[in-house]
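Written below as structure tokens is the structure these notes are about.
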Amino acid sequence: MIEQIEEEKKEKQVKAKKHEKTDQKKKWLIIHNQEGSEGKQAVPVSVNGKMYNIPRNTRVEVPISVIETLKNAEYTLYDDKGKPSNARRFMFEVSDIDEE
């Protein structure tokens, strides 16, 4: 039983290290202005307890995990018949760090 617990701890540590390595990879990100009262405000993004306050229309270097979070940020729109559809919450561009 103790061996099984130790093995599970090791597996979790390996997964955590893999996640850290992914988080260390970074890309350039630009979040564009949008319509509405909040369309020019900075965008708060929280990933695993770490908060990023990303200004709009400014190229910033962020971990890939921030980009993945933005890709998953959606809201629901309803057509005139009440049929729902999902739309991306933020419009943004991503480019590799070595692209200047």
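Values in this text are rule-based calculations from the coordinates and carry no lab data. Quantities reported herein were computed from a predicted structural model and do not represent experimental measurements. In this analysis, Cβ positions are derived from the backbone assuming ideal geometry, glycine residues included, and neighbour counts consider all displayed protein chains.
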Order of GLU35, GLU68 - criterion: other Cβ atoms within 10 Å of each residue's Cβ, fewest first: GLU35, GLU68
Whole-Å semi-axes of the ellipsoid equivalent to segment 24-96 (Cα gyration tensor, √5λ, descending): 24, 14, 11
